[in-house]
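The structure appears right after this line, and notes come after that.
The values are calculated or read from the model by the stated rules, or taken from the named source; none is laboratory data. From a predicted model like this one, the values you see are computed outputs, not experimental measurements. Note that each Cβ is placed from the backbone with ideal geometry, even for glycine, and that neighbours are counted across all protein chains shown.
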Amino acid sequence: MILISWNIDSLNAALTGTSARAEETRQVLDKIHDANPDVIAIQETKLRATGPTKKHQKVLAEKFPEYDYVWRSSEEPARKGYAGTMYLYKKELTPKASYPVIGAPDTMDAEGRIITLEFDKFFVTQVYTPNSGSGLKRLADRQVWDEKYTEYLQKLDQEKPVLASGDYNCAHTEIDLKHPENNHHSAGFTDEERVDFTNLLNAGFTDTFRKVHGDIKDVYSWWAQRVRTAKANNSGWRIDYWLVSNRIADKVVCSEMIDTGKRADHCPILLEINL
């Protein structure tokens, strides 16, 4: 199987926008389609609570005619047009989709952050992990999220092997970002978030990128848009992951980033695995 995961930073803008950035995003979507993945996970869709509009559906049908899709959007009491996730999967596949509530604090469970697909012999699940925010205002809630999410993955793993992807909003080690010395108190690289990610891996999961590539440096999945030179200078963070249950880690063939050229923000990540 080939699976691709991407924080798209607004599917709405990608499908209906007219800006140069929207066009860049559509080019990346074309690149994803050309890779012929079985499953595509998309985070930060920013769709309304009712999901894709008719216009969105038309463009999706044109760009991904071989795929069915399921979605989950932020809904009250959470902010409208916030977060959100979507799966596209080949029409010949018939997974059962679920939209778990993990007991997260505040409005996090209403923000459309997790979708899980159940197949006969494994689960595929994606997450858009809450950001701890400016001033780390949401760090305490984020830590509860991390605990609840880890418990959720463990429950899945007890039933069958798990393939988990998404924007985890955490650079795990110092080689997972360009300037660790300046970011120890930044959202996504606090000691607390890094410990939580270690706990997640220790619960029975493998970071497939490190499994395949070892401790190589200077490979990232996110570059800040607001820093004009970040992408050109490869001053990034690796905060997007494909994780798999330890017992199927030896079946991973490939785990890599998909180049997005000059486009900053997140890049898609690809997993190839023999299941």
Q: Out of the residues in the stretch 216-246 that are touching a Gly at 6+ places or on another chain (Cβ under 8 Å) and not small (G, A, S), state the one that is nearest to P180 (Cα to Cα).
A: W237
Q: Please state which one of E272, E181, E192 is acidic (D, E), more than 30 Å from A20 (Cβ to Cβ) and touching a Cys at 6+ places or on another chain (Cβ under 8 Å).
A: E272
**Q.** Residue that is nearest to I175 (Cα to Cα), among those in the stretch 199-244 that are of a type in the set (S, T, N, Q) and buried (at least 23 other Cβ atoms within 10 Å of the Cβ)
**A.** S221
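Residues are listed down the side, and each one gets a yes or a no for (1) within 23 Å of H33 (Cα to Cα); (2) touching a residue at least 24 places away in the same chain (Cβ under 8 Å):
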position: K46; (1), (2): yes, yes
position: T50; (1), (2): no, no
position: V70; (1), (2): yes, yes
position: E75; (1), (2): no, yes
position: K80; (1), (2): no, yes
position: G84; (1), (2): yes, yes
position: E111; (1), (2): no, yes
position: F123; (1), (2): yes, yes
Q: Could you please give the count of residues in the stretch 177-200 that are under 17 Å from P130 (Cβ atoms) and not in a loop (DSSP other than H, G, I, E, B)?
A: 8
Q: Starting from the stretch 177-196, keep only residues that are free of Cβ contacts under 8 Å to residues at least 60 places away in the same chain and over 17 Å from A224 (Cα atoms), then list their pairs with residues that are of a type in the set (G, A, S) and buried (at least 17 other Cβ atoms within 10 Å of the Cβ) whose Cβ atoms are within a distance under 7 Å, requiring at least 6 positions of separation or different chains.
A: T190/S132
Q) Taking strands (runs of 3 or more DSSP E) that fall entirely within the stretch 1-73, which contain at least 3 residues that are at pLDDT 95 or above, of a type outside the set (K, R) and crowded, with 22+ Cβ neighbours inside 10 Å? A) 2-7, 39-43
